[in-house]
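Report on one structure; see the data block that follows.
The values are calculated or read from the model by the stated rules, or taken from the named source; none is laboratory data. The model shown is predicted, which means the values in this text are computed figures rather than measured ones. Every residue, glycine as well, gets a Cβ built from its backbone with ideal geometry; the counts of neighbours run over all protein chains shown. To get the accessible areas, we keep the full protein, side chains included, count just its heavy atoms, and leave off ligands, DNA and RNA. Shrake-Rupley method; radii C 1.70, N 1.55, O 1.52, S 1.80 Å.
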Amino acid sequence: MMTSLKVWFLGVSLAVTLPAFGQTTAPKKSLQDCVDIAWKNNLQVKQSEVQVEVNRNTFEQSKYTRLPTLNSAITQGLNLGRNIDPFTNAYVTQTLNYNNLNLTSSEIIYNGGIVTNTIKQNQQLLEASKLDVQATRDQVALNVVLAYLQVLNNEDVLAVSRTQVDITGQQVARTEKLVSAGALPQANLLDLQAQYANDELSVVTAENNLVISKLQLLQLMNDPEIQEITLDRMSVNTPDDTYNTPIQQIYASALKTQAAVQAADLRTLSARTGVAIARGSYFPSLAFNVSLGSNYSSAARRSLAGNPTTITNTAYVDFQGQQVPITFTTTQPGYTTQNIPWSEQLTNNLNGGVGLSLRIPIFNAFQVRYRTANASLSVQNQQYQADNVRLQLRQNIEQAYVNMTAAAKRYGSLTRQVEALALAFKASESRFNAGAINSVDYNLAKSNLDRSRINQIQAKYDYVLRIKVLDYYQNKPLSF
């Protein structure tokens, strides 16, 4: 009798401190290992990190809009037939090859604060996306902790279930001997064998639950190279009812620490900055402009001095009725033409300018008015979203607090129940061994204790889980 009872309590005490039987030989993973692997492989974390880089590039680019722009344009053309020579602006009838080269620079001096506010808005969106990453990582960590606790819970339940099978097996072996000796009826053995079969079924169920909980943890870790996992069992302290932090204090702490709330507020500020950007189009814009250009034409030619030409002409005059020849000689200067080189034309035709351009909006089909109105509506929408984040946060905290309180009460009640049923089972086992009660009463007392003990283990981890959820909302470490 005492041996069986000692085995029972030994199995129960080891269940919360030792690994479950039959674990794989895979390297043990601590809670922090599991969280780190999940952070590394979680797709939502990766997406949020990519979005941070996108917003960072947008922010960096917007800062450079303060710098002047510099652009170059080169035009190459070929005209056929009669057209205008871009070099002389004269009509020519020939195949014409031409180039135009331009270099322009412009700098915004004032545009209603659009550039400044755009930079400010992009910085706010960048900070909000960073908070999104933190919020996603926090949620992943919480999910891993809960899955980790579920594995520990199922390991403890499996250990207790196997201890139950061992104890029942010992009673079956003892009863077989007594039945063979004629000291007990056959019915007692049959009842114990039925109980043994039920205990074995409980082991199978516990093993299945353990496999499922490990699979859920592996799915959160999302590492294809890890097919089996063995947890490095931590010391999970027995909870008590000392969690006295009120809901209002938890909520106030969550408003200051939760990344999702801070991100929502930043997006509201960004929307307000968007209103300032839209209103900036009401104001004039002033820009400073510089230009430099030149051109080339294949029709551009220049004259060169050549050898003079002597021309002798004879004319006849009437003198006293007779035609008298007169000979005179003229000398004409000689010249030739040649194309002006491309580089020389670019130098000769170089031109430039400096100026200020002022754009004054007068009427633009009410575009600015409606952009500003839509930006104001966006502020309201973002504010509603921020309020909804706070509402969801408060409701989640209230629900978590109620669940924690209920779990604490359930654990306390089950602890007292286990203590009472343990004493009842001890008395029943003594009476059964003495032949004072039948196997049905013995099995009933054992089943009640077994079921209560498993419920106590589940209540313990459920209570710890609820506490961790509340710790998460207060930005407390999720480790144990």
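Details
- In region 78-186, the portion of solvent-accessible area held by carbon and sulfur atoms comes to 52 percent [1.4 Å probe, whole percent, DNA, RNA and ligands not counted].
- Helical content alone sets the calculated 222 nm signal of the chain at -21500 deg cm²/dmol, taking -39,500 (n - 2.57) per DSSP H segment of four or more residues and averaging over every residue.
- Difference of contour (0.36 nm per residue) and Cα-Cα distance, Tyr384 to Glu107: 95.8 nm
- Global geometry of region 354-480, whether rounded, prolate or oblate, following the gyration tensor of its Cα atoms and the 1.5 cut on a/c: prolate
- The angle between the Cα long axis of helix 259-279 and the longest principal axis of the Cα atoms of the chain comes to about 20 degrees, rounded to the nearest 10.
- Among Ala206, Ser180, Tyr148 the positive-end extreme of the charge dipole of region 136-245 (Cβ point charges): Ser180
- Take region 427-480 with all the other protein chains still there, run a 1.4 Å probe, and you get 40 Å² of accessible area per residue.
- Pairwise Cα inverse-distance average, inverted: Kirkwood Rh of region 413-463 (Å): 11.3
- A protection proxy built from the mean count of other Cβ atoms within 10 Å ranks the segments 97-105, 290-298, 266-274, most packed first, as 266-274, 290-298, 97-105.
- Multiplying the residue separation of Asn57 and Asn348 by 0.36 nm and removing their Cα-Cα distance gives an extension gain of 100.4 nm.
- C-alpha long axis of helix 439-473 to longest principal axis of the chain, angle in °: 30
- Cα-based shape type of region 153-263, given that a ≥ b ≥ c are square roots of the gyration tensor eigenvalues and the cut on a/c is 1.5: prolate
- Label sites at Asn89 and Lys476, each approximated as a point 7 angstrom past Cα along Cα to Cβ, lie 8.6 nm apart.
- Partners for Lys46 among lysines (Cα-Cα distance below 17 Å; same-chain residues under 8 apart left out): Lys130
- Under 23 Å from the Cα of Lys446 - lysines, other chains or at least 8 residues apart: Lys6, Lys177, Lys426, Lys460
- Here the spin labels are modelled as points 7 Å beyond Cα on the Cα-Cβ line, and at Arg66 and Gln219 they lie 5.1 nm apart.
- In degrees, nearest ten, helix 31-41 long axis to first principal axis of the chain (Cα): 30
- Note on exposure: Val324, Val50, Val92, Val144 ranked by accessible area (1.4 Å probe, complete protein assembly) read Val50, Val324, Val92, Val144, with the most exposed listed first.
- Of Phe59, Phe366, Phe319, the residue with the largest accessible area leads and the full order is Phe319, Phe366, Phe59 (1.4 Å probe).
- Remark: the chain carries a charge dipole of roughly 1060 debye about the Cα centre, counting +1 on each Lys and Arg Cβ and -1 on each Asp and Glu Cβ.
- Using the average count of surrounding beta-carbon atoms within 10 Å as a protection proxy, the listed peptides 146-152, 178-184 rank, highest first, as 146-152, 178-184.
- Heavy-atom surface of region 69-190, accessible at 1.4 Å and reported per residue (Å²): 48
- In nm, spacing of pseudo-spin labels at Gln32 and Leu80 (7 Å Cα→C-beta vector): 7.9
- Extension gain for Ala424-Thr336 works out to 18.6 nm (0.36 nm per residue, less the C-alpha to C-alpha distance).
- Two-site FRET efficiency, Thr230 against Thr415, from Cβ-Cβ distance with R₀ of 30 Å, rounded to 0.05: 0.55
- Cβ-defined net charge surrounding Thr163, 11 Å radius [Lys, Arg +1; Asp, Glu -1]: -2
- Once exposed loop GluC sites (Glu not before Pro) are cut out (DSSP; at most 14 other Cβ, 10 Å), longest piece of the chain: 229-480
- In terms of its alpha-carbon gyration tensor, the chain comes out prolate; a/c meets the 1.5 threshold, and the first ratio a/b outweighs b/c.
- Computed from the C-beta positions of Leu201 and Asn396, the FRET efficiency with R₀ = 35 Å rounds to 0.40.
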